[in-house]
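All remarks here apply to the structure that follows.
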Amino acid sequence: MNYDAIILGAGAAGLMCASVAGQRGRRVALLDHADEPGKKILISGGGRCNFTNLGTVPERFLSQNPHFAKSALSRYTPHDFLALVERHGIAWHEKTLGQLFCDGSARAIVAMLLDECARGGVDLRCDAAIAAVDHADGLFRVNAGGRTMAAPALVIATGGPSIPKMGATGFAYDLARQFGLKVVQPRPALVPLTLAGEDLLFRELSGVSAPVIARCGKTAFREAALFTHRGLSGPAILQISSYWQHGQAIDVDFLPDRAPGWLLAAKASQPRAPMRRLLRESLPERLADVLCDRLAIAGELGTATDRKLAEAEARLAQWRFTPNGSEGYAKAEVTAGGIATSDLSSKTMEARRVPGLYAIGEAVDVTGWLGGYNFQWAWASGWAAAQEL
Ligand code: FDA
């Protein structure tokens, strides 16, 4: 069974790459061990698929080489994907921060990609467990489901190991290593963080969320944070988790809209106001109460010293948490790290030292922010490789 290209993984990147290469006249086999394609697309965006982000710029992607994603992202943009979505009559809306979602089900995006694959004559095979891959005489041979297929081009599009219960694996890394490509240490990203020690008290706030600024080193995100029974989650924390390393602290500004000196000003204007009430004006009650208890300012503002209030204000603006870990691949929306970009061409996604071998999507050491960026990378890198197949 001979093809021009064999693509491993019928997820976001693999479906895009197969459809474009197929429509360019290539004979493409698309293999996946799952029983249906695009499973992560189906559960994405709470079932409505946040399929791209209008704010896509290379700075919103993490990689050992921050320049790597530039070429692919500039050649296949959010507007290109949006044009495809519109051609298929899929209704969409912008939710917030440039995030585009389907009005209806994410299933429409998978159906669209399958339709594009069918137009390209792609030979899609699910339930195809890949037993072996080898390379000789300029041909890649893939043994899957008892059959052997051969092609001069092989595309690794099997994603990362996040959410293993959905069939996600580290297969891409094993295969990359088999061909001598380096792998940047993979780690869970866009993942809730866990708290221990002194921070454990915050677990009693499980379910409470508040708009904050979360900071780690020089990186900061202004979005909602959510307390969970294990620690911290919500968009601000998921975003910062991609930058967080074990042992680092995360600083949370619980009152990002307060001007410096606001607490002393409040003391001057309303000395009889209790601290608890003041905090409850700007924060969810349960959170305000826990913070107030920990600041140990029980009574009226007028009874606290200026120094104590200045310290409390500084602490509220920079509340330090030291997570003891994350909830791991079981809960991570993506995997950071992956196949080293130094071994790939940024224009074609082809391995520099193994002609005909390509890697695309999440398998590569390019990780987007939360909000549609990871799909945009899957589309753009899949499209880039498809131009060369
Ligand atoms: P993807 O994981 O999509 O596909 C890989 C494919 O390879 C899968 O079909 C898998 O079955 C197959 N495979 C794996 N191992 C194999 C093996 N050994 N043999 C054969 N096949 C194998 N992003 C975003 O931009 N907007 C969003 O709304 C969301 N929402 C979201 C929600 C949740 C819960 C998760 C877990 C993730 C998201 N994401 C997201 C991230 C996004 O889903 C992810 O980045 C892309 O799906 C990556 O596309 P890939 O094609 O690279 O991998």
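See the values below:
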item: Hits in region 48-67 - residues which are more than 20 Å from residue 82 (Cβ to Cβ) and in a helix (DSSP H, G or I); result: 59
item: Residues satisfying the stated conditions in region 304-358, i.e. of a type in the set (Asp, Glu) and surrounded by fewer than 15 Cβ atoms within 10 Å (Cβ to Cβ); result: 306
item: Single residue of 158, 148 found to be polar (S, T, N, Q), surrounded by 18 or more Cβ atoms within 10 Å (Cβ to Cβ) and either more than 22 Å from the chain's Cα centre (by Cα) or not in a strand (DSSP E or B) (or both); result: 158
item: Odd one out for residue 198 among (1) part of a strand (DSSP E or B); (2) of a type in the set (Asp, Glu); (3) surrounded by fewer than 16 Cβ atoms within 10 Å (Cβ to Cβ); result: (1)
item: Hits in region 331-389 (condition: part of a strand (DSSP E or B) and either closer than 20 Å to residue 80 by Cα or within 9 Å of the ligand (Cβ to nearest atom) (or both)); result: 334, 335, 364, 367, 368
item: Filtered residue count, region 270-327, keeping only those that are farther than 14 Å from residue 258 by Cβ, outside any loop (DSSP other than H, G, I, E, B), in contact (Cβ under 8 Å) with a residue 40 or more places away in the chain and not hydrophobic (A, V, I, L, M, F, W, C); result: 6
item: Number of positions in region 20-58 that are buried (at least 23 other Cβ atoms within 10 Å of the Cβ), more than 23 Å from residue 169 (Cβ to Cβ) and more than 8 Å from the ligand (Cβ to nearest atom); result: 4
item: Considering residues of region 108-135 that are of a type outside the set (A, V, I, L, M, F, W, C) and either within 14 Å of the ligand (Cβ to nearest atom) or in contact with an Asp or Glu (Cβ under 9 Å, 6 or more places away or on another chain) (or both) only, the residue nearest to residue 30 (Cα to Cα); result: 125
item: Identity of the residue in region 59-106, basic (Lys, Arg) and within 23 Å of residue 363 (Cα to Cα), that ends up nearest to the ligand (Cβ to nearest atom); result: 60
item: Positions within region 161-178 being more than 10 Å from the ligand (Cβ to nearest atom) and either part of a loop (DSSP other than H, G, I, E, B) or hydroxyl-bearing (Ser, Thr, Tyr) (or both), in sequence order; result: 173
item: Pair list, Cβ < 8 Å and 6+ apart or interchain, from region 201-220 residues that are farther than 16 Å from residue 317 by Cα to residues that are part of a strand (DSSP E or B) and not aromatic (Phe, Trp, Tyr); result: 202/231; 202/232; 203/231; 207/226; 208/226; 209/224; 209/225; 209/226
item: Only one of 68, 51 that is touching a residue at least 24 places away in the same chain (Cβ under 8 Å), in the same structural domain as residue 9 (by TED's automatic domain parsing), of a type in the set (Phe, Trp, Tyr) and under 21 Å from residue 94 (Cβ atoms); result: 51
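The values are calculated or read from the model by the stated rules, or taken from the named source; none is laboratory data. Just so it is clear, the model here is predicted, and its values are computed rather than measured. Note that each Cβ is placed from the backbone with ideal geometry, even for glycine, and that neighbours are counted across all protein chains shown.
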